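The values are calculated or read from the model by the stated rules, or taken from the named source; none is laboratory data. It should be emphasised that the depicted structure is a prediction, and the values quoted were computed from it without experimental measurement. Note that each Cβ is placed from the backbone with ideal geometry, even for glycine, and that neighbours are counted across all protein chains shown. Accessible surface is based on the protein model in full, side chains and every heavy atom, while ligands, DNA and RNA are left aside. Shrake-Rupley method; radii C 1.70, N 1.55, O 1.52, S 1.80 Å.
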Amino acid sequence: QVQLVESGGGLVQPGGSLRLSCAASGSIFKSLRMAWYRQAPGKERDLVATITQGGSTYYADAMKGRFTISRDNAKNTVYLQMSSLQPEDTAVYYCNVHPPQVRYWGQGTQVTVSS
């Protein structure tokens, strides 16, 4: 069983940066393809980025060049470095495996981009 806990969200001005962290419990973390998702108010939850066990990455088009997903298998943690943030990036950000599993959804971390 894996538990995922997101952190690092907050209020940031347009153009600013944030780094989100997702700490995973469970020894199988290293074998999992991980991902970040986000859900804006009134919208569906969308895929942001994924990272394989070996570090290969994928980004949704709107995040390319602005977001960077990474992982530290020794710390059982996956990160999302976000830069050039815009108001449309405001959402609750979640980590999960990819494809996502319902049992792994956590509380997420709120990111608000506003002046």
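From the set of residues in segment 19-50 that are among the basic types (Lys, Arg) and either part of a strand (DSSP E or B) or within 11 Å of the chain's Cα centre (by Cα) (or both), which is farthest from residue 97 (Cα to Cα)? Only one residue fits best here, namely 19.
I'd like to check something: does segment 51-61 contain any residue that is modelled with pLDDT under 95, over 12 Å from the mean Cα position of the chain (by Cα) and either closer than 18 Å to residue 19 by Cβ or open to solvent by less than 20 Å² (accessible area, probe 1.4 Å) (or both)? Checked segment 51-61: at least one residue is modelled with pLDDT under 95, over 12 Å from the mean Cα position of the chain (by Cα) and either closer than 18 Å to residue 19 by Cβ or open to solvent by less than 20 Å² (accessible area, probe 1.4 Å) (or both). For first residues located in segment 17-29 and at positive phi, partners that are open to solvent by 10 Å² or more (accessible area, probe 1.4 Å) and at pLDDT below 85 and lie 6+ apart or on another chain with Cβ distances below 9 Å form the pairs 26/1. Within segment 62-78, restricting attention to residues that are assigned to a strand (DSSP E or B) and of a type outside the set (D, E, K, R), the residue that is farthest from residue 16 (Cα to Cα) is 77.
May I ask you to verify whether residue 81 is in a strand (DSSP E or B), surrounded by 12 or more Cβ atoms within 10 Å (Cβ to Cβ), touching a strand residue (DSSP E or B) at 6+ places or on another chain (Cβ under 9 Å) and of a type in the set (S, T, N, Q)? Yes; evaluated as a whole, the condition is true for this residue. Taken over segment 1-18, the criterion of being under 11 Å from residue 104 (Cα atoms), in a strand (DSSP E or B) and not polar (S, T, N, Q) is satisfied by 4, 5.
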